[in-house]
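All remarks here apply to the structure that follows.
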């Protein structure tokens with residue numbers, strides 16, 4: 001007799017919600033290696049928190065008059081650092097390339113980004129390890145980061161910058177220092193950073209010569225002395241206790257505050273920091289604006305927002321909520337072919353696939369961006385990469401302008417919270433804009 | 001260029017920006033020595049000096065004196081605050097009194113001599129150059145030192161030479177305790193001779209005579225267990241992380 005149960009009740013696979021396959025794999029890996037997971041890219045979590053996607057623009061109808069989308073001017077000129085600097089940073093667009101180190105990135109990647117930024121009239125930022133030869137040669141305006149590690153610090157490069165960025169934290173891992181695994185500490189990078197070749201470089205979390213805000217007041221003045229007060233001093237914060245940190249940074253004398261949200265990228269960091277520290281970029285921009293307003297410095301101290309800015313839509317929403325400009329990092333790398341289905345077998349050798357790769361930490365980037373291997377680096381053609389990054393910057397700018405014009409603005413910096421509605425209660429509460437379908441701001 | 005004799009600047013009624021601008025312009029004008037009167041422990045003096053020449057402060061200075069310097073020679077006839085000579089590329093800074101936290105932080109080259117005591121985190125993240133302290137130093141001296149030479153004639157505080165890469169440290173007195181991954185290595189006769197030479201060069205003879213002989217210094221370097229993760233050194237990493 002046939003076993004009826006065998007075809008009637010084929011058992012379904014049941015998956016534990018607590019010990020899901022990725023959790024089990026994480027435990028297996030730790031049991032083997034004795035250390036937490038280290039990887040690149042940034043948070044991989046499903047976005048269950050409020051994001052820019054939870055907002056929608058409210059273009060003009062009868063209550064507002066739109067600008068002609070393809071005809072009427074909509075300024076994108078962006079000026080940063082007029083609070084104290086004799087020579088504020090003037091940019092053609094409100095999108096800047098964020099700090100990514102030469103070491104985490106290849107020479108070709110740094111060169112391509114610097115060329116693209118220069119051509120469109122915006123800035124690029126140095127990163128751990130100081131100014132790369134690529135930036136020295138190709139940048140129009142570079143922002144010189146002064147990081148806790150002080151790797152590669154050079155007073156001449158600092159004085160040649162269009163702005164100085166005193167970095168306190170990074171969105172992907174606020175409260176911790178950078179990490180560059182030995183596979184990327186080549187002879188060139190080791191020399192630039194004064195390190196032994198092949199060490200796992202663990203950057204400090206704190207600056208070596210200052211601790212809290214009292215010291216930072218003096219530190220900012222030191223940087224002004226070093227640059228004759230010519231250029232703006234930015235203070236970059238990983239989004240954590242954003243409201244209080246932004247207030248402190250502004251009161252300490254920053255010309256510009258940069259806030260980097262938890263969706264920000266990284267070349268290599270412990271995965272748990274990327275997934276479980278900091279606050280999202282949407283929340284961060286709202287807290288930052290409130291902080292500047294509450295200490296009477298909104299408008300006087302500019303705000304740059306970073307962390308998962310993917311396109312002109314995210315940028316426009318960040319600006320409507322209070323940002324004067326945005327930084328992009330990961331999106332810029334994607335424009336250079338990051339995760340593109342090229343050299344597929346090399347993705348597979350890393351145990352991944354195109355569109356899923358987050359293996360920047362290995363130094364084996366299949367498309368030549370996050371590597372110091374000369375052969376892999378050749379896969380990123382500098383001119384082609386520069387053209388692609390330039391196209392991205394231009395397209396993003398057009399997107400911001402399109403939304404601004406539709407909202408009746410002749411300047412992208414005129415976007416404001418009332419140009420938007422929230423699509424979720426959380427976004428309404430966080431951003432202080434009405435929930436669509438109501439005239440109510442929840443939580444107020 | 002015509003050499004100009006010593007030039008005096010009275011900082012009493014000038015802003016820091018004005019003092020620094022005057023120092024730079026005088027050095028550019030060919031002055032070989034600038035004497036700054038009444039520094040009054042002010043912060044950010046002689047920052048980012050890029051010309052050769054001697055600057056002598058007749059009194060104490062505050063934070064970051066000589067910070068980001070490349071090529072000048074600074075003498076402080078008093079004490080110095082935090083971050084003395086931080087991130088210096090080349091040049092020398094001599095402090096006749098003591099120095100606050102983070103002296104010689106992240107220097108990439110040059111020489112820092114402190115005749116008195118140094119506070120915490122002396123030579124933190126130093127990337128080259130020479131740091132010489134005539135007296136004692138506080139906790140975590142040499143922390144994360146990458147390159148260069150750190151010499152302490154007296155005693156050190158706790159956690160000495162913690163988490164270093166390749167700085168070489170020499171201690172004439174007692175070590176409070178060693179930091180994570182710091183190890184004592186045998187001093188060679190050549191190194192003892194090198195230390196005698198350094199002390200003779202940087203300390204007055206009468207002071208030198210009160211310091212230990214080169215052969216009596218202890219040499220401290222990185223044990224290199226933190227250079228790359230190894231699960232078998234878990235205890236070391238637990239202490240370090």
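The values are calculated or read from the model by the stated rules, or taken from the named source; none is laboratory data. Only a predicted model underlies this, so the values are computations on that prediction, with no experimental measurement involved. Neighbour counts run over all protein chains shown; Cβ positions are idealised from the backbone, glycine included.
A few comments on the model shown:
- When residues of the range A:139-160 are limited to those that are outside any loop (DSSP other than H, G, I, E, B) and touching a residue at least 60 places away in the same chain (Cβ under 8 Å), the one farthest from the other protein chains (Cβ to nearest Cβ): A:143
- Of the candidates A:292, A:282, the single residue that is within 29 Å of residue A:408 (Cα to Cα), modelled with pLDDT of 95 or more and touching a strand residue (DSSP E or B) at 6+ places or on another chain (Cβ under 7 Å) is A:292.
- Residues of the range B:133-150 that are buried (at least 24 other Cβ atoms within 10 Å of the Cβ) and on the phi < 0 side of the Ramachandran plot: B:133, B:134, B:137, B:141, B:143, B:145, B:146, B:150.
- Candidate set from the range B:100-130 (those that are more than 7 Å from every other protein chain (Cβ to nearest Cβ) and part of a strand (DSSP E or B)); member that is nearest to the chain's Cα centre (by Cα): B:112
- Given (1) part of a helix (DSSP H, G or I); (2) out of contact with any helix residue (DSSP H, G or I) (no Cβ under 8 Å at 6 or more places or on another chain); (3) surrounded by fewer than 17 Cβ atoms within 10 Å (Cβ to Cβ), number of the condition residue A:394 does not satisfy: (2)
- Among residues of the range B:85-99 being more than 8 Å from chain A (Cβ to nearest Cβ) and in a loop (DSSP other than H, G, I, E, B), the one that is nearest to the chain's Cα centre (by Cα) is B:85.
- Counting the residues of the range A:190-225 that are over 12 Å from residue A:166 (Cβ atoms), buried (at least 20 other Cβ atoms within 10 Å of the Cβ) and in contact with a helix residue (DSSP H, G or I) (Cβ under 6 Å, 6 or more places away or on another chain) gives 2.
- Filtered residue count, the range B:156-194, keeping only those that are more than 14 Å from every other protein chain (Cβ to nearest Cβ) and closer than 16 Å to residue B:103 by Cα: 5
- Every listed requirement among (1) surrounded by fewer than 24 Cβ atoms within 10 Å (Cβ to Cβ); (2) within 14 Å of chain B (Cβ to nearest Cβ); (3) not in a helix (DSSP H, G or I) is met by residue A:240 save one, (2).
- Strands (runs of 3 or more DSSP E) (entirely within the range B:159-224) containing at least 2 residues that are surrounded by 17 or more Cβ atoms within 10 Å (Cβ to Cβ): B:168-171, B:218-222
- Matching residues, the range B:214-241, being out of contact with any helix residue (DSSP H, G or I) (no Cβ under 7 Å at 6 or more places or on another chain) and more than 14 Å from chain A (Cβ to nearest Cβ): B:216, B:218, B:220
- Test: residue in the range A:205-212 that is closer than 28 Å to residue A:87 by Cα, in a helix (DSSP H, G or I) and facing chain B (nearest Cβ under 8 Å): no
- In summary, residue A:118 fulfils each of the numbered conditions (1) within 14 Å of chain B (Cβ to nearest Cβ); (2) touching a helix residue (DSSP H, G or I) at 6+ places or on another chain (Cβ under 8 Å); (3) at pLDDT 95 or above with the single exception of condition (1).
- For the range A:348-370, the criterion of being surrounded by fewer than 24 Cβ atoms within 10 Å (Cβ to Cβ), out of contact with any strand residue (DSSP E or B) (no Cβ under 7 Å at 6 or more places or on another chain), on the phi > 0 side of the Ramachandran plot and free of Cβ contacts under 8 Å to residues at least 12 places away in the same chain is met by at least one residue.
- Residue in the range A:253-267 that is more than 23 Å from residue B:126 (Cα to Cα), in contact (Cβ under 8 Å) with a residue 40 or more places away in the chain, away from chain B (no Cβ under 11 Å) and surrounded by fewer than 22 Cβ atoms within 10 Å (Cβ to Cβ) present: yes
- Complete set of residues in the range B:130-161 that are closer than 20 Å to residue B:236 by Cα and without any contact (Cβ under 8 Å) to a residue 24 or more places away in the chain: B:144, B:146, B:158, B:159
- Any hit, the range A:7-17, residues being surrounded by 10 or more Cβ atoms within 10 Å (Cβ to Cβ), free of Cβ contacts under 8 Å to residues at least 24 places away in the same chain and part of a helix (DSSP H, G or I): no
- Considering only residues in the range B:63-84 that are in contact with a strand residue (DSSP E or B) (Cβ under 8 Å, 6 or more places away or on another chain) and part of a loop (DSSP other than H, G, I, E, B), the one that is farthest from the other protein chains (Cβ to nearest Cβ) turns out to be B:77.
- Candidate set: the range A:161-183, residues that are more than 9 Å from chain B (Cβ to nearest Cβ) and closer than 15 Å to residue B:229 by Cα; chosen: the one modelled with the lowest pLDDT: A:179
- Selection status of residue A:355, over 20 Å from the mean Cα position of the chain (by Cα) and modelled with pLDDT of 95 or more: no
- Of all residues in the range A:320-341 being at negative phi and in a loop (DSSP other than H, G, I, E, B), the one that is farthest from the chain's Cα centre (by Cα): A:341
- Of all the listed residues (B:18, B:12, B:33), the sole one being more than 10 Å from chain A (Cβ to nearest Cβ) and either crowded, with 20+ Cβ neighbours inside 10 Å or under 26 Å from residue B:132 (Cα atoms) (or both) is B:33.
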